[in-house]
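The structure under discussion appears below in the form of structure tokens.
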Amino acid sequence: MIVFSFRGFLCLLPLFLSTGSYAAPYLPSTHKVKETVQPPHGWVKGGVPPANHTIVLRIGLPQPDFNLLEKHLYEISDPFHSRYGQHLSKEQVEELVAPHPNSLDVVNQWLAFHGLTESDFARSPAKDWVTLTIPISLAEKMLDTKYNVWIHHSSGDQIVRTTRYSLPENVHDHIDVIQPTTMFAQLKKMRSTSLFADETDSAQFSEFNGAASVLTTDGVTIDASCNTTITLKCLQQLYNFVDYKPTAKGNSIGITGYLEEYANIQDLQSFYAVQLPEAANSSYIYHSVKGGQNSQNLSESGAEAALDVQPYADWLEYVLSHGKIPLTISTSYGDDEQTVPKSYAQRVCSSFAQLGARGTTLLFSSGDWGVGDNDPNPETQQCFTNDGRNITRFIPLFPASCPYVTSVGGTVHYPEEAVSRFFSGGGFSDYFHRPWYQEKAAGDYVKALGKETYKDLYNPKGRGIPDVAAQSDRYSIFLAGVPRLIGGTSASAPAFAGIVALLNDVRLNNKLPPLGFLNPLLYTKGLDGFNDITIGHNSGCGTTGFNATVGWDPGVYIG
């Protein structure tokens, strides 16, 4: 297992030589607005940052051949296609996302006009990102904007942002996105997708006290205790891998960790001692990204990291720069989609496609807030748009809404049903159209739902989430040296990642490529390996949310 840790958002990227002589002298043109946003709820404009305050700008150049990369991704992930499993190399992917030479020249000239030379910035391996650290006064001049300190009224978080920035008109077509500018997502303190189980909620599990074990149709006995506490043994029984021992060489899982959430080795050893003694003294390989730490002080052990030991562009650039990357990666963090500028979300999503094309399975928890805020009460719900209209609307989660990742929802009990102590995140993206592999499944659900149900609360043509679900509540773990029960889709995502890794083990042992991007398989041939979850719903935004039903649904779907 590989653990990535992050702290801050500085970019340490390799330098590349310039593209060569410029086509013509740079002539500045009139600035034109590139992006403008309304500040999300809870953010209040504060003072002006000092002029010498430095900011790390990431500039994303267009990827004119991304449509070809997407075509490759879908072909090699489609189990009915002749190219299934023929993943691309690092170099092939970089060639497909490289910017046009003209874009490189125009951006270089624009930077040079502001006194910045090649030694002042860094480029990604594909040259599609430029990173530079500059005084905020220079950033304001380059982007024809004014930055302010913004304060979040409930958390107290402070960030330096603007609500609008501009670029010279002759540069517009050569830059997709620049951040941090208009991004107000609470990246340093995202909402945790872990929830602690305590004694006050035990009543809802009392019906299972004294229950008998269950014999499945596959001949596996599921212990009755799995209805109240999830252990490794329970997962083996529930998902039918009892006694399976992985043996393949080259298999791997990557677990991302943010927000100073630490994966504690002593907690891991305590877990092994109770649930997997044969793994005692084994551990994980820790990789620091952008100065990330992994403190082993038990008092600093993180709940999120204890389950699956961003923004995402820094992490993506680090991973994509390596020739060898984990075959399965699980992430249990996310933002409200509407707090992430669409241009940035689309660009990050396209980077996830690069990992999928290289044969990596990406899993993201779908969140623990149902269709938006976990609140079924219309009087107290907090699902409001930040587009200036301030109207009620369901709030999907990003990156779970990206069509190139697999979103994992939450179930409970056996037979499985939608988790109810909190509500599994699900719904439809406002940013991403429904992908082809989901057209029938999600299209049928929307048609059955009817045009008037939740009209204007969601995007009926959007990418639906989640794609799969797994047990997500009352996991038995160790946290800060103490045995605890914990829940959240941050439990179901890494659990499902473990199952994917076991399937990869089977494939590697049979000299087959890893599964890679899962979704085209999940919605076709892979369906036979799952159970259809048909009980429950995912409340939020003053509603009961979407009901679990036969076939796909934006709540839990299959487990």
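The values are calculated or read from the model by the stated rules, or taken from the named source; none is laboratory data. These numbers were taken from a predicted model, which means no experiment stands behind them. Cβ sites come from the backbone with ideal geometry, for glycine too, and all protein chains shown count toward neighbours. These accessible areas exclude ligands, DNA and RNA; they are computed on the full protein's heavy atoms, side chains included. Shrake-Rupley method; radii C 1.70, N 1.55, O 1.52, S 1.80 Å.
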>> If you roll a 1.4 angstrom probe over the protein chains with everything in place, what fraction of the accessible area of the stretch 126-179 belongs to carbon and sulfur, to the nearest %?
In response: 42 percent
> Excluding Lys45 itself, what net charge comes from residues whose Cβ is under 15 Å from its Cβ, given Lys and Arg +1 and Asp and Glu -1?
Replying inline: +2
> Which Cα, out of Thr162, Leu73, Leu111, lies furthest along the positive dipole direction of the stretch 32-187 (beta carbon charges, K/R +1, D/E -1)?
Replying inline: Thr162
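Work through the residues other than Gly545 whose Cβ is under 12 Å from its Cβ and net out their charges, Lys, Arg +1 and Asp, Glu -1. Don't skip to the answer; put the middle values down first.
Numbers: positive: none; negative: Asp373, Asp375, Asp553.
Once positives and negatives cancel, what remains is -3.
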> Rounded if a/c is under 1.5, else prolate if a/b beats b/c, else oblate: with a ≥ b ≥ c from the C-alpha gyration tensor eigenvalues square-rooted, which is the stretch 23-121?
Replying inline: oblate
> Going by a ≥ b ≥ c, the root eigenvalues of the Cα gyration tensor, does the stretch 77-166 fall in the rounded group (a/c under 1.5), the prolate group (a/b larger than b/c) or the oblate group?
Replying inline: oblate
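In the stretch 110-162, which trypsin sites (Lys or Arg not before Pro) are in a loop and have at most 13 other Cβ atoms within 10 Å, using DSSP for the loop call?
On the way: sites: Arg123, Lys127, Lys141, Lys146, Arg161; in loops: Lys127, Lys146.
Passing sites in the stretch 110-162 are Lys146.
Classify the stretch 457-559 as rounded, prolate or oblate, taking a ≥ b ≥ c as the square roots of the eigenvalues of its Cα gyration tensor: rounded when a/c is under 1.5, otherwise prolate if a/b is larger than b/c and oblate if not.
Judged from the Cα gyration tensor, the stretch 457-559 comes out oblate (a/c at least 1.5, b/c at or above a/b).
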> Loop-only check: which chymotrypsin sites (Phe, Trp or Tyr not before Pro) in the stretch 74-144 are DSSP coil with at most 12 other Cβ within 10 angstrom?
Replying inline: Phe80
> Distance in nm between label sites at Ile285 and Val242, each 7 Å beyond Cα in the beta-carbon direction?
Replying inline: 3.4 nm
> So what's the stretch 408-496 giving for Cα Rg divided by 2.2 N^0.38 Å, two decimals?
Replying inline: 1.32
